[in-house]
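Working notes, structure below.
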Amino acid sequence: MHCLILLALCCAFCLAQTPGWNLLFGTSILDETQKEPLQFDKPVPKWIKGSLIRNGPARYEMGKRSFLNLFDGFGKLYSWQFPGNGSAFFTSRFVQSDCYNESLRINDIAPYQTFDDLVPSMGFLERELSLSHGLDNMNINVYNYSGDCVVLSDTWKLYVVDCYTLDTIRHSMPNIPGVETGFPFVSVMSVAHPVREYGTNHHLTILQSLSIIPGMPHKFTLVRTKSADIREKIAEWKVKKMPYLHSFSTTERYAIIFGCPFYMDIEKLLQYSFPKDSIAFHADEPTIAYIVDLKTGSVTTIETENVFTMHHVNAYEMDNNLLLDVVSYPDASLVSFFEMNNLMNKTKRDRVAFKPSLTRYRIDLKAQKMTPITFDTNPSIPFANMLEVPTINEQYRSKHYCYIYGVVFKSDNKVWGNFSFVKKDVCNSTGDLSWSLPGHYPMEGWFVPDPTGSAEDDGVLMVPVLDGNLGKSYLIILDPKTMKPITKAYLPIIVPFHFHGRFIENVY
Ligand SMILES: [Fe+2]
């Protein structure tokens, strides 16, 4: 009886204290590894052949300087390599970007663009230099561009890395033939989530060109990416206000850019230097969707409800409509969660409004109308519709699909720390499933399809997890049909919260 009471008290304490939170966020993890063998507790399916490569911030200070915002942490890459014989290896390296190398050299945070200020604060000259150097810290995502492994932020610049060793090779800022990017435009913003173009190995992305002349319109360019360096213009159009974009969607024929009223102000950026002080959510303005016909390049503009979204899930065509699934929010307060002052203070972070809601928009192109639709809730997993960092079986990209995998960060809708990894069935909520353990923090999962499978969920899910109780990280492989563990392996280093990545087949 005493043991049970003690166990209950320990669990209550763990839940209240979010054990290991400081390892998940805010602590620099400097260790790097090269192809260290991993010991899984049960056999790894031998059909898994390739590497899960992921990216995220992992260093928050250099010398006597530190970042104020998680978004600015120096990018670090992680790779779980599976040769296809049941063995597995782990590699981790910081992105050796110009800003990282220069910061190491001077033992200070070098003057490159950051989302927020530093501690101690940047001086006037440093701010000017950081604006002219631009954002160089690629800490959000990883893509395979026709054999080139590239790492991205929400910028046009990217870095090419070695897919096997994670060594940084070079940067690239590709030109787009036929697109003017010079004065009066500042053409540096893009999205960290390009989308594979239907039926091809190309990706689609967006270049955002901010006009620095007051009153002169800004410019969107929808771009086809053929490799790390080759780009093609698909469409270009002007906008009065430039929304911050992080992701978008494509169907077989259309690209859907969802311009939420979270607008960038170039005059403020030039004045204050930091995007954080130059972006504002306008609660009284509509969201403007731009729907681009990929065959003709024509753009249809539709206004819909005031909403904020970071992550699109998927989109497809059905019965002459487009169906678009996004993670939506009533406003952009989510962004303030990533300020270190909020993130590392339990009372403050739990106070940040955070209620993501999986939402479908039915887009009637003829009527030029967008209608939001809410998904059913499964009463046994009432939090499943609050998932974030959504991923799907990529073979169902731009097609009718049922399953979304994601993380619910506040499963009780109260406390940051009650993480659950969920499978949301958007075709039938009775198929919703979840996996969680107290004090364990799953991150974005990736679905790897079984090459002999035929169903949408035939495959495995790879999910990095921080075990906050032990202060160790592991990779768990889940069965998507049941969300039960298949096997797991602890890692030689701590892998803190990071953003995104993907499984790249036949690279190991
Ligand atoms: Fe993202």
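The values are calculated or read from the model by the stated rules, or taken from the named source; none is laboratory data. This is a predicted model, so every value here is computed, not measured. As a convention, Cβ positions derive from the backbone with ideal geometry for all residues, glycine included, and neighbour counts pool all protein chains shown.
Being more than 16 Å from the ligand (Cβ to nearest atom), in a strand (DSSP E or B) and surrounded by fewer than 18 Cβ atoms within 10 Å (Cβ to Cβ), is that true of even one residue in the range 380-393? The answer is no; no qualifying residue exists.
Could you please find all residues in the range 402-446 being among the hydroxyl-bearing types (Ser, Thr, Tyr), in contact with a helix residue (DSSP H, G or I) (Cβ under 9 Å, 6 or more places away or on another chain) and buried (at least 20 other Cβ atoms within 10 Å of the Cβ)? Please lay out each step first, then the result.
Pass one, the range 402-446, residues among the hydroxyl-bearing types (Ser, Thr, Tyr): 403, 405, 411, 420, 429-430, 434, 436, 441.
Among the residues that remain, those that are also in contact with a helix residue (DSSP H, G or I) (Cβ under 9 Å, 6 or more places away or on another chain) are: 403, 411, 420, 429, 434, 441.
Selection gives Tyr403, Ser411, Ser420, Tyr441.
If you check Thr205, Thr221 for being hydroxyl-bearing (Ser, Thr, Tyr), at pLDDT 95 or above, outside any loop (DSSP other than H, G, I, E, B) and within 16 Å of the ligand (Cβ to nearest atom), only one passes: Thr205. In this entry, Ile256 passes the filter for residues that are β-branched (Val, Ile, Thr), away from the ligand (no atom under 16 Å from the Cβ), in contact (Cβ under 8 Å) with a residue 40 or more places away in the chain and part of a strand (DSSP E or B). The conditions of being buried (at least 17 other Cβ atoms within 10 Å of the Cβ) and either in a loop (DSSP other than H, G, I, E, B) or not aromatic (Phe, Trp, Tyr) (or both) are met by Val463.
If you check Val448, Val460, Val465, Val422, which single one turns out to be more than 23 Å from Ser87 (Cα to Cα) and of a type in the set (A, V, I, L, M)? Reasoning before the result, please.
On the way: Val448 fails: more than 23 Å from Ser87 (Cα to Cα); Val460 fails: more than 23 Å from Ser87 (Cα to Cα); Val465 fails: more than 23 Å from Ser87 (Cα to Cα).
Unique residue meeting the criteria: Val422.
Of the residues in the range 437-457, how many are touching a strand residue (DSSP E or B) at 6+ places or on another chain (Cβ under 7 Å) and either outside any loop (DSSP other than H, G, I, E, B) or free of Cβ contacts under 8 Å to residues at least 12 places away in the same chain (or both)? Of the residues in the range 437-457, 8 are touching a strand residue (DSSP E or B) at 6+ places or on another chain (Cβ under 7 Å) and either outside any loop (DSSP other than H, G, I, E, B) or free of Cβ contacts under 8 Å to residues at least 12 places away in the same chain (or both). Is the range 46-68 home to any residue that is within 21 Å of Pro451 (Cα to Cα) and without any contact (Cβ under 8 Å) to a residue 60 or more places away in the chain? Within the range 46-68, one or more residues are within 21 Å of Pro451 (Cα to Cα) and without any contact (Cβ under 8 Å) to a residue 60 or more places away in the chain. Show the residue pairs meeting these rules: Cβ distance below 7 Å; 6+ apart or different chains; first residue within the range 375-398 and under 14 Å from Val448 (Cα atoms) and in contact (Cβ under 8 Å) with a residue 40 or more places away in the chain; second residue acidic (Asp, Glu) and within 16 Å of the ligand (Cβ to nearest atom). Hits for this filter: Thr391/Glu444.
Please find, within the range 394-415, the residue that is modelled with the lowest pLDDT out of those that are of a type outside the set (A, V, I, L, M) and within 15 Å of Leu433 (Cβ to Cβ).
So the first thing to find is which residues in the range 394-415 are of a type outside the set (A, V, I, L, M), and the list is 394-403, 405-406, 409-414.
Applying the additional criterion that residues be within 15 Å of Leu433 (Cβ to Cβ) yields 402-403, 405-406, 411.
Working: Cys402: 98, Tyr403: 98, Tyr405: 98, Gly406: 98, Ser411: 93.
Among those residues, the one meeting the criterion is Ser411.
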